[in-house]
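*Asks:* Below you will find the structure I want to go over with you.
Where a number appears in this text, it was derived from the coordinates with a stated rule and is not lab data. As the structure is a prediction and not an experimental result, all values here were calculated from the model. We place every Cβ from the backbone using ideal geometry, glycine too, and count neighbours over all the protein chains shown.
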Amino acid sequence: MKIKFCGAAQEVTGSAHHLLINDSFSVLLDCGLFQGIDEAEALNRKWGFEPKDLDCLILSHAHIDHCGRIPKLVKEGFRGKIYCTPATRSLATILLLDSAKIQENDAEYENKKLAKRKHGEFEKVQPLYTISDVLKCLNLFITISYETEFKINNHLSFKFRDAGHILGSASVFLNIHEEDKNFSLVFSGDLGRPNRPILRDPHPFRSC
Ligand SMILES: [Zn+2]
């Protein structure tokens, strides 16, 4: 198994971690947007893998720094399934539509500024993605409840466990079978704190 950290490394946004299992099955854990740093614009336009080569995406929760580049991933060729909890799908739909509106407005603002400055022909700034791109990715979502083992194939099964961070947030417990070996890998995602109103306490994985 190979793990590549493509975001949320040496900083906290842009969560995206690539697993290559058995040298053939390609999984992305989270597909977040880089936010709040000078390099965000450039980082959001490159990957570290080929979107069309991914087999699936497993999503920990709906915050934009964990799911905010899904429409761009789909726009650039990803056609696999997106696995998440039911509440994450509901929240991600709202957040991604909002994010697309912000991307569209930002591009429009930049283009107005350029038009004033350049007085004529200029290359227009394109939004990272649009509302129409978001609508195209919604039917790729498959929802799986907490604590339900889901087998993707003979190499990978996983279950979500309540991370107590926001509604629907999950840690992901992956069971990986490669040649004659079995591995367990836990992707915590963002963890919440105990004794919060409304949210359940984070449910630890004692075995990791
Ligand atoms: Zn979060």
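*Asks:* Using the alpha-carbon centroid of each, what span in Å lies between region 121-148 and region 35-88?
*Replies:* Measuring centre to centre over Cα atoms gives 8 Å.
*Asks:* Along the principal axes of its C-alpha atoms, what lengths does region 85-146 span, in descending order and rounded to whole Å?
*Replies:* 55, 15, 12
*Asks:* Short version: ³J(HN,Hα) in whole Hz for each residue of region 78-83, in order, from phi by Karplus 6.51 cos²θ - 1.76 cosθ + 1.60 (θ = phi - 60°), x for Gly and Pro, what are they?
*Replies:* With coefficients 6.51, -1.76 and 1.60, one gets 5, 10, x, 8, 10, 9 Hz.
*Asks:* Set the Förster radius R0 to 22 Å, insert the Cβ-Cβ distance between Thr93 and Phe150 as r into 1/(1 + (r/R0)^6), and round the FRET efficiency to 0.05.
*Replies:* 0.60
*Asks:* When the convex hull of the C-alpha atoms of the chain is computed, what volume per residue in Å³ does it have?
*Replies:* 130 Å³
*Asks:* Report, in degrees rounded to the nearest 10, the 0 to 90 angle that the Cα long axis of helix 86-118 makes with the longest principal axis of the chain.
*Replies:* With rounding to tens, the tilt is 20 degrees.
*Asks:* Same structure again: Using 0.36 nm times the number of residues separating Asp180 and Arg193, minus their current alpha carbon distance, what extension gain do you get?
*Replies:* My answer for the length gained is 0.9 nm.
*Asks:* Output the relative contact order of region 49-161, whole-number percent, from Cα pairs under 8 angstrom with separation of 6+ residues.
*Replies:* 29 percent
*Asks:* Would you work out which of Gly77, Ser60, Gln103 lies farthest towards the positive end of the dipole of region 2-187, given +1 charges on the beta-carbon of Lys and Arg and -1 on that of Asp and Glu, about the Cα centre?
*Replies:* The listed residue farthest towards the positive side: Gln103.
*Asks:* Let me ask something else about it. Which net charge results when you count Lys and Arg as +1 and Asp and Glu as -1 among the other residues whose beta-carbon is under 12 Å from that of Gln35?
*Replies:* -4
*Asks:* Just to check I understand the Karplus step: with θ = phi - 60° and J = 6.51 cos²θ - 1.76 cosθ + 1.60, what whole-Hz values come out for region 141-153, glycine and proline as x?
*Replies:* 6, 10, 9, 9, 6, 4, 6, 10, 5, 10, 9, 7, 6
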